[in-house]
Amino acid sequence: MKIIVCLKQVPKRDLALRLNEAGTWIAEADLSWEINEPDAYALEEALRLKERLGGEVIVCSLGPARVEQALREALAKGADRALHLLDPAFEGLDAFNTARVLAEALRRESFDLILTGLQSDDHGYAQTGVILAELLGLPHATIVMQIEVLDGRLKVKRELEAGWFQWVELPLPALLTIQSGINQPRYATLKGIMGAKKKEIRRLALADLGLSAQELRNKQELMRVFFPTKAKRTEFLEGTPEEIAARLVEKLRYEAKVL
Amino acid sequence: MKIFVLAEHRDGKLNRATWEVIVAGQHLAAHLKGSVSAVLLGRDIRGLAEELAAKRLHEVLVVEDERLAEYTPDGYTAALIEVIRQEAPAFVLMSHTYQARDFAPKLAAALGKALISDCLGYRVDDGTVIYTRPIFQGKIHADVRFADDPPYLVTFQAGAFRADEIEAASEPVPIRAIPIDLSPVPIRTRPLEVFREAKQAVDLSSAERIVAVGRGIKSEENLALIRQLAEALNAEIGASRPVCDSGWLPMDRQIGSSGQTVSPKLYLAIGISGAIQHVVGMKGSRTIVAINKDPEAPIFDIADYGIVGDLFEIVPALIKALKQLRE
Ligand SMILES: Cc1cc2nc3c(=O)[nH]c(=O)nc-3n(C[C@H](O)[C@H](O)[C@H](O)COP(=O)(O)OP(=O)(O)OC[C@H]3O[C@@H](n4cnc5c(N)ncnc54)[C@H](O)[C@@H]3O)c2cc1C
């Protein structure tokens, strides 16, 4: 089975984010980066499918030069080769155009299955995978928590709201968007890390994909970003941990009356 | 200007998020001097159409077809493309539900249009509608607008509008069937049974006090601290999704859109950032306390009492104070 995993690099969780001066995006200069969480689960799922059924896992990421680190990490975990979609014209693309570029790159591969995360921790569009499926003419299923490969078909468990699930069958080739928690992702081994150095990362730019910058005009425009103003007046308790604890107990007892 | 709202339903019931989006549509219609209509897809949906027709809408548009008896992305997309082609709405509004996540981007792509997803609200500035949506899991917001021609496809986050603000109609509005032939449309996915995992061992919905733990706890071993606190408070333990995903606590402790919905008297959120998918499951709690080292964490948006600090310092002090109270 030939599986493609689309993954995105996002700022490490738990970092304090600042805005750039123009207020048009976050300040990216001193951030550290990681693979978007659901995408890491998608990669793990692809590696497990390959271990079970044989085949090849190709990882693909659109993003600036730093993204190579995410691709190396994926190769170290066991992906066979990587595609890096890299071009100044790819910066700041919306979900539709990101999917457009991915589609052009992946069209050239004869894959059985594409996996993506269900959404990214940065933009959180929850769209790119589904748009990609449509542009490639593939059937898809989203928010997937289990994959069974039948004869030329897939049976997948989709998460629904409030603890409900649904099994869905679809023919291959197909695209699935993966939900966090589908598996327990592995860590790269030292051997894997060494081996990854020899694996291929192929760079593809605008011209390689037969695209022009004019074709990639965004359909939605990000005008500005800002820290939201808090809607509710939270009462913040301050002091040493002991003082805070004592005050909280008092508040819960006499104000909120829950103790 | 035509504004369409897609009604979502399952098992013969309208999703209550539909009412919220109708409210969004009614507001938008007032701002832009437009009309709002609901669009309903399915089979045997007369009753639902009548329920919608009791609201102040221009009309209720119904597509009934065997192939829409169960939701599929292919069936819904094909039907909506045809509705949009015949009726030419300027806006198609939906709720950012699991179902909309599944087909709305496909619909947008098939139309060659943009979808602005997961919006918290909008404002009209000089005739242009500007949408606000969360980025970075709600820590930051973004203003976004369409840079393209209509139809404009938008999904709103659950809770973005208040269902109880919906305007009723003085008399039922017209229900109109849109004839669409879906027989040539290939439906490639086959939906099978809908189910719950084996019985839930814990029912958190009746708990009076919940100590909920998030990824800030860092490791499974550290959960001992949370257990002590829960014991001192005589509380149940709940968790955010990553804690359950990592297998540190069973799935039936998970609170949020894909877990349980709770409304205890006291909800203590410890090392939880407050992503919307968590918050929808606990915002009905009477008193909410949040302990988080990040003063910008969205959980402080809904907390009554906030403690900015290291949980590994605060929680032990809190356990001690509670024990003293007992003695
Ligand atoms: C379709 C879908 C469904 C989902 N369903 C659910 C759901 O049902 N329930 C749910 O919870 N999530 C759900 N999620 C995931 C959700 O989006 C968030 O990713 C998740 O809630 C984050 O969990 P968290 O707050 O524990 O982790 P994080 O967002 O990583 O937050 C950890 C927090 O801990 C704080 N912290 C770290 N160290 C310390 C310390 N020493 N002291 C104090 N604070 C500290 C950090 O400042 C941070 O705010 C869903 C997501 C999707 C896309």
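The values are calculated or read from the model by the stated rules, or taken from the named source; none is laboratory data. Please read these numbers as outputs of a predicted model, since none were measured by experiment. Positions of Cβ are generated from backbone atoms using ideal geometry, with glycine treated the same way; all protein chains shown enter the neighbour counts. Surface accessibility is based on the protein's heavy atoms, side chains included, excluding ligands, DNA and RNA. Shrake-Rupley method; radii C 1.70, N 1.55, O 1.52, S 1.80 Å.
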Threshold 40 Å², the range A:203-232 residues less accessible with all protein chains present than alone (1.4 Å probe)
A:LYS219, A:GLN220, A:GLU221, A:MET223, A:ARG224, A:PHE226, A:PHE227, A:PRO228, A:LYS230, A:LYS232
Honestly the protein assembly as shown on the Cα gyration tensor test (a ≥ b ≥ c root eigenvalues; a/c under 1.5 rounded, otherwise a/b vs b/c for prolate or oblate) is just oblate
Post the alpha-carbon centroid distance, the range B:1-27 to the range B:169-225, in whole angstrom.
17
Do the alpha carbons of any pairs in A:LYS219/B:LYS33; A:LYS219/B:LYS2; A:LYS197/B:LYS113 sit beyond 29 Å of each other, and which pairs?
A:LYS197/B:LYS113
With a 1.4 Å probe on protein heavy atoms only, work out how much accessible surface B and A bury together, total over both chains, in Å² to the nearest 100.
7600
Chain A: DSSP helices with Cα axial extent of at least 27 Å and average Kyte-Doolittle hydropathy no lower than -1.0
none
Once a ≥ b ≥ c are taken as the square roots of the eigenvalues of the Cα gyration tensor of the range A:2-215, is the result rounded (a/c under 1.5), prolate (a/b larger than b/c) or oblate (a/b not larger than b/c)?
rounded
Go through the range B:26-92 and name the trypsin sites (Lys or Arg not before Pro) that are in a DSSP coil and have 12 or fewer other Cβ atoms within 10 Å of their Cβ.
B:LYS33, B:ARG43
Just the number, please: carbon plus sulfur as a percent of the accessible area of the range B:2-177, 1.4 Å probe, no ligands or DNA/RNA counted.
45
Probe of 1.4 angstrom, ligands and nucleic acids ignored: what's the accessible area per residue over chain B, in square angstrom?
40
List the residues whose amide H sits under 5 Å from the amide H of A:GLU235, counting only those 5 or more places along or on another chain, with H placed 1.01 Å from N in the peptide plane.
B:TYR305, B:GLY306
Please determine, in degrees from 0 to 90 and to the nearest 10, the orientation of helix B:16-32 with respect to the longest principal axis defined by the Cα atoms of chain B, where the helix direction is its Cα long axis.
60
In the range B:175-215, what residues drop by 20 Å² or more in accessible surface going from the chain by itself to the full protein assembly, probe 1.4 Å?
B:ARG188, B:THR189, B:ARG190, B:PRO191, B:LEU192, B:GLU193, B:VAL194, B:PHE195, B:ARG196, B:GLU197, B:ARG209, B:ARG215
How about A:LYS157: which lysines have a C-alpha closer than 28 Å to its C-alpha, ignoring those fewer than 8 places off in the same chain?
A:LYS2, A:LYS8, A:LYS50, A:LYS77, B:LYS13, B:LYS106, B:LYS199
Helix B:73-87 sits off the longest principal axis of the Cα atoms of chain B, rounded to the nearest 10 on a 0 to 90 degree scale, by 50
If each DSSP helix of 4+ residues adds -39,500 (n - 2.57) and the sum is divided by the residues in chain B, what number results at 222 nm, nearest 500 deg cm²/dmol?
-8500 deg cm²/dmol
Residue-normalised accessible area of the range A:2-215, given per residue in Å² at a 1.4 Å probe
39
Give me the percent relative contact order of chain B, please, defined on Cα pairs under 8 angstrom at least 6 residues apart.
15
The farthest towards the positive end of the charge dipole of the range A:1-108, of the residues A:ALA74, A:ILE4, A:SER61, given +1 on Cβ of Lys and Arg and -1 on Cβ of Asp and Glu, is A:ILE4
Lys, Arg +1 and Asp, Glu -1 on Cβ, resulting dipole of the protein assembly as shown about Cα centre, debye, nearest 20
740
For B:GLU220 and A:LYS155, what is the calculated FRET efficiency with R₀ set at 22 Å and r taken between the beta-carbons, to the nearest 0.05?
0.10
Where a ≥ b ≥ c are the square roots of the eigenvalues of the C-alpha gyration tensor, would you call the range A:193-251 rounded, which needs a/c under 1.5, or, failing that, prolate if a/b is larger than b/c, or oblate?
oblate
Cβ-Cβ FRET estimate between B:ARG56 and B:ILE81, R0 fixed at 22 Å, reported to 0.05:
0.20
Taking only pairs that are 8 or more places apart or on different chains, how many Lys pairs in the range B:204-326 have Cα atoms under 21 angstrom apart?
5
Heavy atoms only, 1.4 Å probe, whole protein assembly: order A:MET223, B:MET251 by accessible area, highest first.
B:MET251, A:MET223
For the range A:193-258, which GluC sites (Glu not before Pro) pass both filters: DSSP loop (anything but H, G, I, E, B) and at most 15 other C-beta atoms within 10 Å?
A:GLU200, A:GLU238
Using unit Cβ charges (K, R positive; D, E negative) and no other charged atoms, how large, in debye to the nearest 20, is the dipole of the range B:204-326 about its Cα centre?
300
Give the long-range amide H neighbours of B:GLY238: residues separated by 5 or more places, or on another chain, with amide H under 5 Å away, using H modelled in the peptide plane at 1.01 Å from N.
B:VAL211, B:ALA212, B:VAL213
Trypsin sites (Lys or Arg not before Pro) restricted to DSSP loop in the range A:5-41 with at most 16 other C-beta within 10 Å
A:LYS12, A:ARG13, A:ARG18
Take chain B, connect every pair of alpha-carbon atoms lying under 10 Å apart with a spring to form a Gaussian network, then pick out the residue of B:GLU313, B:GLU236, B:GLU20 with the largest mean-square fluctuation.
B:GLU313
In chain B, what percentage of the DSSP-assigned beta bridges are antiparallel, given to the nearest 5?
25
Carbon and sulfur: what percent of the range A:1-131's accessible surface (1.4 Å probe)?
47
Label-point separation (nm) for A:ARG203 and A:TRP164, each offset 7 Å from Cα along Cα-to-Cβ?
4.9
At 1.4 Å probe size, what's the solvent-accessible area of A:ASP112? Round to the nearest 10 Å².
60
Taking Cα atoms only, helix B:98-111 is inclined relative to the longest principal axis of chain B by an angle, in degrees rounded to 10, of 40
For the A:GLU51, A:LYS12 Cβ pair and Förster radius 35 Å, calculated FRET efficiency rounded to 0.05 is 0.80
